[in-house]
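Input: a single structure, listed below in structure tokens.
Only the coordinates and a few stated rules stand behind these numbers; no lab work does. Computed from a predicted model, the values in this text were never measured in an experiment. All Cβ positions, even for glycine, are placed from backbone atoms using ideal geometry, and neighbour counts span all protein chains on display.
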Amino acid sequence: MNVLQTHIGALKLERPGIVASGIMDETGDSMARMFGLGAGAAVTKSIGSERREGHRNPSFIEIPYGYVNAMGLPNPGIEGFEEEMRTAAKAGTVIGSIFGSSAKEFSELAVRMEAYGASAVELNLSCPHAKGYGIEMGTDTNTVRSIVSSVKDSVKIPVYAKLTPNTHLLTEIGKAVQDAGGDGIVAINTLKAMVIAPEVAMPVLSNKFGGLSGPAVKPVGVRAIYDLRASLDIPLIGVGGICGWRDAAEYIMAGASAFQVGSALGKDINVFKKINSGLERFMKEFGYSSIKKMVGAAHE
Amino acid sequence: MNDIVRIASCRKESHDTKTFGFVMKGNAKAGQFVMVWIPGVDEIPMSLSSTGDTKCITVKAIGDATKALHGLRVNDVIGIRGPYGNGFSLKKNQRVLAVGGGVGISALMPAIRAHGADVIIGARNKAEVIMEPEVRKYSNNVRISTDDGSCGFKGNAVELTKEVISANSYDLVIGCGPEIMLYHLHKACVDSGIECQLSLERFMKCGAGLCGSCVMDGMRVCEDGPVFGGRQITKLKEFGRIRLDPAGAKVKL
């Protein structure tokens, strides 16, 4: 009996940890490597219709307890990503992350991802640093409803929406996803942030602002999942600052059926293995016979 | 971590190459690199050519960012992130041959200083040979190759390496230079059964093991490298053949 097995609605994972979008998921080989290192699934880099080089460097900076990045959605375009998807899907469960500027574009991308072998799609409705995409559409309930419902009509695989914490309307947007038939919610994306270098009197990132990730955002993410669980019925996937099994357990107890890890992989490529063994030890010691029994435990 | 530093020294190495010194917090290992921010221009990965209290980068002016760096003077301000990557791993008493192609010799300098080594400096012509006097301070056996024969051995650095390793006995070859050179250097080491550690290069965004823009067969050049061992390199199907462009698409080298 594998106590770490979890179900995100219809999608079964043997391990609850998923590689977050944008980390070690630019090529099929890097995703395959992560499956071998204990990840239950991998979300691809966000893929759009056309090739994009993203923002000029600096696109990344370290701060105590986290990172601020503005990669700017670099990606080879959906057509250029086919081979990587097929390589990755052969090796494990792949969730295709996509971004677009309209419901139609999202749907077309989702259809391609399904054809390439994706087990689910994750709609990036929350990138904080690419103009015209992400956060700018992901904070409007009507837009979110129309995108999710259009994608749902186009594919058979589960459809997850990745939401931004940069709004006071988080649960309303979550409800819009659920009402439109969405199969799950991924929260949170990065927090909109800026770093200035006083010596040169300018923001460090070429894009000026970016998204904060890493341990600094974990309590914000845990709170977001807790709020969403309290008002929604669809499965949740927690993400934001997870570095160890305790962080993962917090997200699960707040209401997440699975979790994603991104920033922690920079310093420790083996972090999934450590989280898996830590979670197993904890579950045994505290009498949780399955991940399902832990999901939302902090609400009782 | 990040640091904003003032350029403390600037030395001309050749007509198109300069070494900049700066004082940054923390220690660095031979073979590690830093991300260098030229405010308002770009941020690029640069190997450290000196890892002491004053750290150095040696810059050949080839693109916008490196040309902008060449325009900076002592006391100007740049941003430094890092050091990143694994660095070389040299054991005491190992007989080491260091092979540097072009500006690549600068990335080997910290290892040559700390460990000592026989050294091959490869360059297109005499004017492109850099750091020879500095290398001679730490090595009794320095050979130079130039493609046009204007200085030392006529031919490329790998041809000279083959000659040197057949006449001497080495435990390890370390190398840095253009990928085509490293590809053949790796092959020469495998053929003669000598272990090697080569410092590889790819387009980078984060430099810290996260974004995946520098991966080669799923290995991150920034975090799993930039120094890879000969056996690791043998497994890299993309080495010498394919790189990712800034959009993450595969491009033939």
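Relative contact order for chain A using alpha-carbon pairs under 8 Å, separation at least 6, rounded to a whole percent?
19 percent
Rounded to a whole number of µm²/s, how large is the Stokes-Einstein D of chain B at 4 °C and 1.567 mPa s, given Rh as the Kirkwood radius over C-alpha pairs? In µm²/s, the coefficient rounds to 71. In this Cβ point-charge picture (+1 for Lys and Arg, -1 for Asp and Glu), chain B has a dipole of about 240 debye about its Cα centre. Note: relative contact order over the range B:96-252, using C-alpha pairs below 8 Å and six or more positions apart, is 18 percent.
Looking only at trypsin sites (Lys or Arg not before Pro) in DSSP loops with at most 11 other Cβ atoms within 10 Å, what is the longest site-free stretch of chain B? Display every interim value, and only then the final one.
Working: sites that count: B:K25, B:R73, B:K91, B:K92, B:K237.
The longest uninterrupted stretch comes out as B:93-236.
As a size descriptor, the averaged projected area of the C-alpha convex hull of the protein assembly as shown was calculated at 25.5 nm².
By DSSP, what percent of the beta bridges with both residues in the range A:6-299 are antiparallel, rounded to the nearest 5? Counting DSSP beta bridges with both partners in the range A:6-299, the antiparallel share is about 40 percent. From least to most packed, judged by other beta carbons within 10 angstrom and beginning with the fewest, B:M204, A:M202 follow the order A:M202, B:M204.
Return the average number of partner chain Cβ atoms within 10 angstrom of each residue Cβ along peptide A:251-264.
0
Relative to the Cα centre, the charge distribution of the protein assembly as shown, modelled as +1 at Lys and Arg Cβ and -1 at Asp and Glu Cβ, gives a dipole magnitude of about 960 debye. Rg/Rh, computed from the Cα trace of the range B:1-150 with Rh as the Kirkwood radius, has the value 0.96.
For the range B:210-253, what mean projected area does the convex hull of the alpha carbons give, in nm²? Could the numbers behind the result be given before it?
On the way: hull surface 11.9 nm².
So the Cα hull casts an average projection of 3.0 nm².
The distance from the alpha carbon centre of the range A:143-187 to that of the range A:260-278 is 27 Å, rounded to a whole number.
Residue order for A:H55, B:H115, fewest other beta carbons within 10 angstrom first, comes to B:H115, A:H55. Taking every residue in A:61-70 and counting other chain Cβ atoms within 10 Å of its Cβ, the average works out to 3. Inter-part distance, the range B:150-207 to the range B:96-135, computed on C-alpha centroids, equals 12 Å. Residues considered: B:E43, B:E163, B:E13. Largest GNM mean-square fluctuation over chain B, using C-alpha springs under 10 Å, is found at B:E163.
What is the diffusion coefficient of chain A in µm²/s, taking the Kirkwood radius over Cα pairs and the Stokes-Einstein relation at 20 °C with a viscosity of 1.002 mPa s? In µm²/s, the coefficient rounds to 114. Among the cysteines of the protein assembly as shown, those with no neighbouring cysteine Cβ under 4.7 Å are A:C127, A:C243, B:C10, B:C56, B:C151, B:C176, B:C214, B:C222. Pairs exceeding 30 Å between alpha-carbon atoms, taken from B:K55/B:K92; A:K152/A:K267; B:K25/B:K92; B:K60/B:K205; B:K162/B:K237; A:K104/A:K267: A:K152/A:K267; A:K104/A:K267.
Farthest toward the positive end of the dipole of the range A:6-299, out of A:G48, A:Y251, A:T27, is the Cα of A:Y251, where the dipole comes from beta carbon charges about the Cα centre. For the range A:52-195, just say rounded, prolate or oblate: build the C-alpha gyration tensor, square-root its eigenvalues into a ≥ b ≥ c, call rounded for a/c under 1.5, and beyond that prolate if a/b exceeds b/c, oblate if not. Note, shape of the range A:52-195 comes out oblate. Legend: ranking of residues A:S257, A:S97, A:S150 from fewest to most surrounding C-beta atoms inside 10 Å; resulting order A:S150, A:S257, A:S97.
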